[in-house]
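Data first, discussion second: the structure below is written as structure tokens.
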Amino acid sequence: SQQGEEDPQALSIQEGENATMNCSYKTSINNLQWYRQNSGRGLVHLILIRSNEREKHSGRLRVTLDTSKKSSSLLITASRAADTASYFCATDFYNAGNNRKLIWGLGTSLAVNP
Amino acid sequence: SQTIHQWPATLVQPVGSPLSLECTVEGTSNPNLYWYRQAAGRGLQLLFYSVGIGQISSEVPQNLSASRPQDRQFILSSKKLLLSDSGFYLCAWSVLGEWGYTFGSGTRLTVV
């Protein structure tokens, strides 16, 4: 079934380092979205990248999309302790019944150590 | 501005008791509304979505139901809770999914 799969499952880095998380998916998409979730909280939308886009930036975040490889990456530069959270990718696509769906990956748990 | 309210934040309910979780949206009209459940350390599972008043689509068979009595109100219910209904429930809204989803702060449900 269609699913975004993030890797790594967990990532631990030092403050100031860059963090890279990857997401792979299986079928054609309309867009791919990245979200952050702090422990026990709701998800916060970070970036949406459309299928015809290859790269987007938002502050210290950089998202790339390679539709030929069906993969995306989220780069957080100059990480801070406050970036500690789980990061999820979600793929927006039309299923076989032409219904629009959003499928979520299982997330990458990022720990940024002071 | 657009906001979403979800309550309560935590809930402990005995097995067999009823459930009602409410979600309301402000600052937008005719949003798509969603109920998700997240098991510990897992991704999100879509339970229900609604594209309009009274229109509910169920993604998975389960012990839960949803209703949308008003444009910006989405309710998740159960007549008799099961232990397996425990989890973190999230309400969200979007406009055609074009700009991403906005999530509520979630309800941690523990069925005992």
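The values are calculated or read from the model by the stated rules, or taken from the named source; none is laboratory data. These figures come from a predicted structure and were not determined experimentally. Please note: Cβ atoms are built from the backbone with ideal geometry, for glycine as well, and neighbour counts cover all protein chains shown.
Restricting attention to the range B:64-112, the residues being within 14 Å of chain A (Cβ to nearest Cβ) and not aliphatic (A, V, I, L, M) number 19. Evaluated against (1) in a strand (DSSP E or B); (2) of a type in the set (A, V, I, L, M); (3) within 13 Å of chain A (Cβ to nearest Cβ), B:Ala40 falls short on exactly one condition, (1). Within the range A:48-68, can one find any residue that is at the interface with another protein chain (Cβ under 10 Å from one of its Cβ atoms), basic (Lys, Arg) and surrounded by fewer than 20 Cβ atoms within 10 Å (Cβ to Cβ)? Yes; the residues of the range A:48-68 include at least one that is at the interface with another protein chain (Cβ under 10 Å from one of its Cβ atoms), basic (Lys, Arg) and surrounded by fewer than 20 Cβ atoms within 10 Å (Cβ to Cβ).
Just to be sure, is A:Gln33 out of contact with any Asp or Glu (no Cβ under 8 Å at 6 or more places or on another chain) and either surrounded by 14 or more Cβ atoms within 10 Å (Cβ to Cβ) or not aliphatic (A, V, I, L, M) (or both)? Before the answer, list the steps.
Numbers: out of contact with any Asp or Glu (no Cβ under 8 Å at 6 or more places or on another chain): no; either surrounded by 14 or more Cβ atoms within 10 Å (Cβ to Cβ) or not aliphatic (A, V, I, L, M) (or both): yes.
Here the answer is no, as A:Gln33 does not meet what is asked.
Candidates in the range A:2-45 are the residues that are within 12 Å of another protein chain (Cβ to nearest Cβ) and over 16 Å from the mean Cα position of the chain (by Cα); of these, the one that is nearest to B:Thr3 (Cα to Cα) is A:Arg41. Within the range B:83-112, the only residue that satisfies the criterion of being acidic (Asp, Glu) and not in a loop (DSSP other than H, G, I, E, B) is B:Asp85. Of the residues in the range A:78-92, none is touching a helix residue (DSSP H, G or I) at 6+ places or on another chain (Cβ under 9 Å), modelled with pLDDT of 95 or more and away from every other protein chain (no Cβ under 14 Å). The number of residues in the range A:71-114 being within 13 Å of the chain's Cα centre (by Cα), over 21 Å from B:Trp35 (Cα atoms) and either surrounded by 19 or more Cβ atoms within 10 Å (Cβ to Cβ) or not hydrophobic (A, V, I, L, M, F, W, C) (or both) comes to 9.
Being in a strand (DSSP E or B) and more than 12 Å from every other protein chain (Cβ to nearest Cβ), is that true of even one residue in the range B:27-35? Outline the logic, then answer.
To start, the set of residues in the range B:27-35 that are in a strand (DSSP E or B) comprises B:32-35.
Right, trim to more than 12 Å from every other protein chain (Cβ to nearest Cβ) and you get B:33, B:35.
Yes; the residues of the range B:27-35 include at least one that is in a strand (DSSP E or B) and more than 12 Å from every other protein chain (Cβ to nearest Cβ).
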